[in-house]
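Reviewing the structure listed below.
The values are calculated or read from the model by the stated rules, or taken from the named source; none is laboratory data. In this text the structure is predicted, and so the values were computed from the model without any measurement. For neighbour counting, all protein chains shown are included, and Cβ atoms are generated from backbone atoms with ideal geometry for every residue, glycine included.
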């Protein structure tokens, strides 16, 4: 029986035209991160499951990770996210590194998802993180990195927005203002996470089950009504949370000076689950009506190294997946056309005995950093230009019997249609035209 | 209990300085492959185990692959090699693609190995393959790619050599000259594979067990004595294998014209196991006495698409792992020093209220494609230059109280020690100096 030619469910084959798109996505990520002095790192594909148990949500461990027992009886998993690996690596070296530590990575990650639009089992994710930045500057900078990344793809504030919250605010509202128990806090976080996905009735039902008194319930509903930074400030101040209000206000003022404010909107429903986060949390949303989805999520965390018995080191970071990013760029028509490759020269010969001279020329041109596609057998004249088009070259060389007799080639510029007869050994003239 | 900070056995954490080395290795691979017009592809991390059962060796399936049953009851494996994925992908598209098809990839692969020098469980491997090339030109070109790759790392024929054989020759010797049965052929392939690792006695013992007649045994030992292309030609001709001799000779002649001959040595013990190969097989060896190892292996295969019920499409390719490559470059002192990153400018301020102006300047410089590291709080003068050194910048800017009063910065070139007082808003002059 013939084998299946399709990739494993939820994964993708990247044929050259698909790989060029991925390479483009990654090159803009790398360029942006490096423009802020972030340094690239990577970790292993497999980690011991213990690492994820310590910090990741239960749903991830029980339903989504690809875990198995290796031949040495270790319970391991294909990495479903990068942050635990990052924490493990930072825990090894943070003491001897100057701060802030700015790192980025673009790993492939796997989760056992039901494949659907924007959701696959293997995806790549840009992770940018900064550790040990002073005050709230890490949070400001990481938002800057995210914004400049989108700007470098050609996007602006008509295309995306950043919905933002502060876990310190959420904690103040729940614990200080509403006097919730730990159990109630935990349940309210889950409710807030779902608040946008349910109707009013559904929300009331969930909140009713938490067992709050009516004063606390009222505070909770008022909190969910907050729509902008001024709302938040007034709400916190009126409820005796001046210190939290001031800290958040300092952050907001700094984002204004850094030109981020045109992208930022306060959103009380952004909490990013229960994991990691202790400060600012945010999600970048596509504004396109056909693609109203989170493209990127992140936030600040103070205690990531605790599981390794290391001193506290504050950090902030975000993750951005390749699948939702590609959908975003496509829906806004921001993706360049990468159907065909980009090469410099196609070397062809029209008589069988032109092979050796052609290969020699190709070799010389490659040594001058040109991308050279060679025809490995005689190519009929009428096939030269269709081949050149498929290969995305700017120039072709031809060598028929006339040229061979004179030890020449024809060099043709495909854009200008200019054609030159040149001596086969006159590499200088050939290069001058190609590199002009 | 604190969690383990070390990576899973046999895998590596790539801290920024390690990742820079990997990026360098990959960039030369990509540049070389693209200089021949090879197009980059990638496939999934997981494949169904069936795919490997069809073509990979038993040892791989039984002892080395990371396989497990997924949550949907599929038996899958983390890819241990790229060729089966490549075959699956080529089988999907080869009919509508113009030939030759030139593809390359640098996937991460996993095998359950006992970690030792040059051998880890997760490694990266450059795979270059060409399909549908005329005659033996695919074999010639793939050797050219491999050689130019090593040359692009700065290596030459004092550093490495290519040991080469032709499976057509091995088959002719075994089946036509020695009249071996299939079972004997299979066993002889295994013996040849091990011939260099055992002594004469051990070899005789293994050969004795195959049950050859003495004429066949003599042919086998004569075969193992062949040391160069002329030897092979004479041996084949004298034993009635003129056609095979001529075909191989054509190939050898073409390698000479292509400048490959300085690297090539005939080696009868190179057969590359039993998988895939039907034509030229080769291994690139490090010549350094401390590192006598194969760096790269490859060969030509005619029937890779058969398992998908597709028409025959000849191909030739090689794989080159990152671990042995790095050892090779290190032992020959060919690896550039990548301890520190490369950035353009470090922006610093010496008084707290210099933050906003500094961030604004950083933002403007990043928009001009510079790599800009910012200090996020006031940096004492004596710390500026040590920080600049760690960040690998060419320039630093300073802003103390004097500069702030005049709305200026000091811009210092770290190589020439030249220093300029410039207006903070005079971006043009700042850029002129940095980009000079």
Answer yes or no as to whether residue A:373 is within 14 Å of chain B (Cβ to nearest Cβ), in contact with a helix residue (DSSP H, G or I) (Cβ under 7 Å, 6 or more places away or on another chain) and buried (at least 21 other Cβ atoms within 10 Å of the Cβ). yes
So, in the range B:111-136, how many residues would count as being in a strand (DSSP E or B) and either out of contact with any helix residue (DSSP H, G or I) (no Cβ under 9 Å at 6 or more places or on another chain) or without any contact (Cβ under 8 Å) to a residue 60 or more places away in the chain (or both)? 2
List pairs: first in the range B:374-389 and farther than 15 Å from residue A:97 by Cα, second at pLDDT 95 or above and surrounded by fewer than 14 Cβ atoms within 10 Å (Cβ to Cβ), Cβ under 7 Å, 6+ apart or cross-chain? B:378/B:351
Buried (at least 17 other Cβ atoms within 10 Å of the Cβ) and either at pLDDT 95 or above or in a loop (DSSP other than H, G, I, E, B) (or both): does that describe residue A:379? yes
When you look at residue B:365, is it in contact (Cβ under 8 Å) with a residue 60 or more places away in the chain and either more than 32 Å from the chain's Cα centre (by Cα) or within 14 Å of chain A (Cβ to nearest Cβ) (or both), yes or no? yes
Lone unmet requirement of (1) assigned to a loop (DSSP other than H, G, I, E, B); (2) at the interface with chain A (Cβ under 9 Å from one of its Cβ atoms) for residue B:80: (2)
Condition check for residue A:309: more than 14 Å from every other protein chain (Cβ to nearest Cβ), farther than 22 Å from residue A:141 by Cα and either without any contact (Cβ under 8 Å) to a residue 12 or more places away in the chain or surrounded by 21 or more Cβ atoms within 10 Å (Cβ to Cβ) (or both): no
Mind checking which residues of the range A:222-237 are assigned to a helix (DSSP H, G or I) and in contact with a helix residue (DSSP H, G or I) (Cβ under 9 Å, 6 or more places away or on another chain)? A:222, A:223, A:224, A:225, A:229, A:231, A:232, A:233, A:234, A:235, A:236, A:237
Restricting attention to the range A:99-109, does a residue exist that is closer than 30 Å to residue B:377 by Cα, surrounded by fewer than 19 Cβ atoms within 10 Å (Cβ to Cβ) and assigned by TED's automatic domain parsing to the domain that holds residue A:291? yes
Condition first: within 21 Å of residue B:128 (Cα to Cα) and within 14 Å of chain A (Cβ to nearest Cβ). Now tell me which residues in the range B:313-350 satisfy that. B:313, B:314, B:315, B:316, B:322, B:323
For the range A:395-433, name all the residues that are surrounded by fewer than 19 Cβ atoms within 10 Å (Cβ to Cβ) and assigned to a helix (DSSP H, G or I). A:401, A:402, A:404, A:405, A:406, A:427, A:428, A:429, A:431, A:432, A:433
Extreme residue, surrounded by the most Cβ atoms within 10 Å (Cβ to Cβ), among residues of the range B:294-306 that are under 22 Å from the mean Cα position of the chain (by Cα) and farther than 13 Å from residue B:150 by Cα: B:298
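Matching residues to (1) outside the structural domain of residue A:237 (by TED's automatic domain parsing); (2) at pLDDT 95 or above; (3) crowded, with 21+ Cβ neighbours inside 10 Å:
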{"site": "A:112", "(1), (2), (3)": "yes, no, no"}
{"site": "A:117", "(1), (2), (3)": "yes, no, no"}
{"site": "A:124", "(1), (2), (3)": "yes, yes, no"}
{"site": "A:135", "(1), (2), (3)": "yes, no, no"}
{"site": "A:143", "(1), (2), (3)": "yes, yes, yes"}
{"site": "A:164", "(1), (2), (3)": "no, yes, yes"}
Any chance residue A:271 is within 14 Å of chain B (Cβ to nearest Cβ) and in contact with a helix residue (DSSP H, G or I) (Cβ under 8 Å, 6 or more places away or on another chain): no
Picked from the range A:1-58 (must be out of contact with any strand residue (DSSP E or B) (no Cβ under 9 Å at 6 or more places or on another chain) and closer than 30 Å to residue A:190 by Cα), the residue nearest to the other protein chains (Cβ to nearest Cβ) is A:54
Residue that is without any contact (Cβ under 8 Å) to a residue 40 or more places away in the chain and not in a helix (DSSP H, G or I), where the choices are A:7, A:44: A:7
The listed residue being on the phi > 0 side of the Ramachandran plot and either part of a helix (DSSP H, G or I) or not assigned by TED's automatic domain parsing to the domain that holds residue A:58 (or both), out of A:190, A:179: A:179
Right, residue B:31: outside any loop (DSSP other than H, G, I, E, B) and touching a helix residue (DSSP H, G or I) at 6+ places or on another chain (Cβ under 9 Å) or not? yes
If residue A:141 passes every condition in (1) more than 9 Å from chain B (Cβ to nearest Cβ); (2) touching a helix residue (DSSP H, G or I) at 6+ places or on another chain (Cβ under 9 Å); (3) touching a residue at least 12 places away in the same chain (Cβ under 8 Å) but one, which one does it miss? (1)
Those residues of the range A:212-241 which are over 21 Å from residue A:270 (Cα atoms) and exposed (fewer than 13 other Cβ atoms within 10 Å of the Cβ), in sequence order: A:213, A:214, A:215, A:238, A:240
Of the conditions (1) assigned to a loop (DSSP other than H, G, I, E, B); (2) not assigned by TED's automatic domain parsing to the domain that holds residue B:191, the single one that residue B:353 does not satisfy is (1)
